[in-house]
2 protein chains.
Amino acid sequence: MIDFYFDFISPYSYIGAMKIEALAAKHGEEVNWRPILLGVSIMKTMGLKPLLDTPLKGEYVRQDLPRLASLYNIPFAFPEHGLPNPIPPARAYCWVKRTAPQKATEFAQAVFSAQWRDERDISNEKVLVKLARDLGLDGEALLIAINSDDNKEYLKKEVADSLAKNIFGGPTFVIDEQVIWGADRLWMLEHWLTQKNWQQTLT
Amino acid sequence: MIDFYFDFISPYSYIGAMKIEALAAKHGEEVNWRPILLGVSIMKTMGLKPLLDTPLKGEYVRQDLPRLASLYNIPFAFPEHGLPNPIPPARAYCWVKRTAPQKATEFAQAVFSAQWRDERDISNEKVLVKLARDLGLDGEALLIAINSDDNKEYLKKEVADSLAKNIFGGPTFVIDEQVIWGADRLWMLEHWLTQKNWQQTLT
């Protein structure tokens, strides 16, 4: 089982979200999708700035995302509306995971693609309702779920649990207690899935 | 020509320093070693904390370094004395590069190995003198060079130039205007050296 920690606000999480299922399937692993909020981990706990607002690094990221996506053959566009508020889609995801788990991964990927491929604003509840309905989910129920206490609590617990496990970025992959951070480390995750150790030297 | 930006304080730069020459040679490229000071870029310009002092991330890095080094078959030890003051070895490196450039790469690798393999404190001028003498360099001249105005100026210019080029971390590799950051991205550098584009999809 691979725990896959993601935040819809994070374009690198999008890249991870588009790659992880095929990689896991290739090695006979299941993926447990775990929503996190980088605003809590990065800004509140670590005292850092948001990635794209960090001097020097923000510029690098803007150049790096298109080429990394291209390398992985993932369509990517940086939306004009900028970063979304990740809380509505994260709560929506929690609701789908709790009530229709068989559609949760598809829903998460649809949300990621809406934001980072189709340049739509996933902070917008109407966008989320449309994405849910496209998957045969109940749009009205989703609207209620976004503000329901039980989904708020579910997400809070997920975030607290991620911090307790030292997860600080998205995407992060955890397997066999190995914590692997970054969409640029899929090679390292694959190495573990293949070897189950770090002894085999890379050429 | 690959520009290789490094800081002796950075264990990930050590990993890069141990791998870059063979990788470049395999593709017929020269390496231009460029000293930077992450204390200036990360703390002053970016307003971030030192990597190992960053909550959550610091713990990750302590777990990640030994396994990444192991993967690359590089001996690694985290020294008890902790991080060195990177300014004396950086100025010493500038002096070697300016006065005995044919020995500069070997000197840099010896300094990195002293700190991150042999657990010696490269802030200590005696350690630097010994490393220099082992390569047939003039130890007395090195002591003078560390505090000479021209080496101070040379390093300052290198740091200013790195900031002007948006370099924010070590190791960073630059080739054909592609900026590639991180010891975990050697695969990406190699992809560029092989393909010279980002179109070829990874499997």
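Only the coordinates and a few stated rules stand behind these numbers; no lab work does. The shown structure was predicted, so the numbers you read here are calculated from the model rather than taken from an experiment. Cβ coordinates were reconstructed from backbone atoms using ideal geometry, including for glycine residues, and neighbour counts include every protein chain displayed.
GluC sites (Glu not before Pro) within segment A:1-107: which are DSSP loop residues with at most 11 other Cβ atoms inside 10 Å?
Taking segment A:1-107 and a limit of 11 other Cβ atoms within 10 Å, the loop GluC sites (Glu not before Pro) found are A:GLU30, A:GLU80.
Let me have the relative contact order for segment A:2-195, percent, based on Cα pairs under 8 Å that are six or more residues apart.
31 percent
Obtain the nm distance between the two label points defined at B:LEU202 and B:SER148 by a simple spin-label model: each point lies 7 Å from its Cα along the Cα-to-C-beta direction.
According to this spin-label approximation, the distance is 4.5 nm.
Order by neighbour count: B:LEU48, A:LEU65, fewest other Cβ atoms within 10 Å first, most last.
In order of increasing Cβ crowding within 10 Å: A:LEU65, B:LEU48.
What do you get for the angle between helix A:87-99 and the principal long axis of chain A? Use alpha-carbon atoms, 0 to 90 degrees, nearest ten.
Value to nearest ten degrees: 90.
When the Cα centres of segment B:1-54 and segment B:88-131 are compared, how far apart do they sit, in Å?
So the separation of the two Cα centres works out to 15 Å.
Sort shortest first the distances from B:LYS44 to its counterpart in every other copy, using label points 7 Å along the Cα-to-beta-carbon line, and give them in nm.
Nearest first, the other copies' label points are 3.4 nm away.
Ordered shortest first, which distances in nm separate the 7 Å Cα→C-beta label point of A:ASP150 from those of the other copies?
Output for A:ASP150: 7.6 nm, nearest copy listed first.
Please compare each pair in B:LYS57/B:LYS196; B:LYS49/B:LYS156; A:LYS103/A:LYS165; B:LYS97/B:LYS165; A:LYS97/B:LYS49; A:LYS44/B:LYS196 to a cut-off of 29 Å on the Cα-Cα distance and tell me which ones are over it.
Check vs 29 Å cut-off fails for B:LYS57/B:LYS196; A:LYS97/B:LYS49; A:LYS44/B:LYS196.
Defining the label point at 7 Å along Cα→Cβ, can you sort the distances from B:GLN63 to the same site in each other copy, shortest first, in nm?
Spacings between copies for this position, smallest first, are 3.2 nm.
Please check: in the Gaussian network model of chain A (C-alpha springs, under 10 Å), which one of A:ALA164, A:ALA92, A:ALA17 has the largest mean-square fluctuation.
Largest GNM mean-square fluctuation: A:ALA164.
Which of rounded, prolate, oblate describes segment A:17-81, given a ≥ b ≥ c as roots of the alpha-carbon gyration tensor eigenvalues and a/c under 1.5 marking rounded, otherwise prolate only if a/b is larger than b/c?
The shape class here is oblate.
Which of the GluC sites (Glu not before Pro) across segment B:129-203 are loop residues per DSSP, with 12 or fewer other Cβ within 10 Å?
Those that pass, being in a loop and sparsely packed, are B:GLU177.
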